[in-house]
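K.L.:
What follows is a structure written as structure tokens; I'll ask about it next.
What follows draws every value from the coordinates through simple rules; no lab data is involved. Please read these numbers as outputs of a predicted model, since none were measured by experiment. Neighbour counts are summed over all protein chains in view; Cβ atoms, including those assigned to glycine, are modelled from backbone coordinates with ideal geometry.
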């Protein structure tokens, strides 16, 4: 009797596992949402230490665009360590076929002018994928190595594992873990990786890296501001070292917070930006230099002597 019970339990467990896998395999297709954002990291030997890490870049879905009487979604992206979003491509999703197509891509140009298959989540293990060359790193034909599922944000998503170094896997509703529109293949063995996928600004996947980026985002993009010389008798240079292009306004106040001078208002590029401060016509004393970015305010004390 005990042996029969054990056999019955074993059969039940096997059937339960089989049914669970069948349920996961037959779940409704999960499309890429309009409110998604991707952060990818890049490593390459040319970036040097530490860990040959080059930085991060971003993608998000923009508004609709009509191309050849077909409605697409614009894909906006940034450069490496840059928050200035620009047009990168247009995508459309065929929900019934579980496929994503791309057109007018600025990424390398392999998917530039023709409606091209970007992702196909209808495939199974052993199938051949004929994807956009940007995704596969130059070879449009690739074999599906394995297929499984992963639980993300409360939903089981199909995960397609490829035999490609550039993009280890494709995840339903997210895309490639090696670059949404294609992976990086640097001269020195570099690669891109999915650092954080968010929905409505809420980090979803992968948990560890999303948590790190969320907790350290202020430090990663914090502007570095220096003034030299300070104290100053005539001309000072304000150096603003920023990680991405942004708008900036600089004003000078006295200690009573009365505005003394408008110094700068305009756009700054990523990297070092030098703004001149002429204090030759100002009285000796202490002043407050107010630097306003679109999302931050920095105040520096400056001393003028004559």
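K.L.:
Write down the radius of gyration of the range 222-304 and its Dmax, each obtained from C-alpha positions, in Å.
P.N.:
12.2, 35
K.L.:
With an 8 Å cut-off on Cα pairs and a minimum separation of 6 or more residues, tell me the relative contact order of the range 222-304 in percent.
P.N.:
32
K.L.:
For 233, 270, which order do you get if you count the other beta carbons within 10 Å of each Cβ and list the fewest first?
P.N.:
233, 270
K.L.:
Spin-label point model (7 Å from Cα, Cβ direction): what's the residue 274 to residue 235 distance in nm?
P.N.:
0.9
K.L.:
For a quick check: sort 177, 142 by the number of other beta carbons within 10 angstrom, fewest at the front.
P.N.:
142, 177
K.L.:
A further question follows. In what order do 264, 205 fall by count of nearby beta-carbon atoms within 10 Å, going from fewest to most?
P.N.:
By the 10 Å Cβ count, ascending, the order reads 264, 205.
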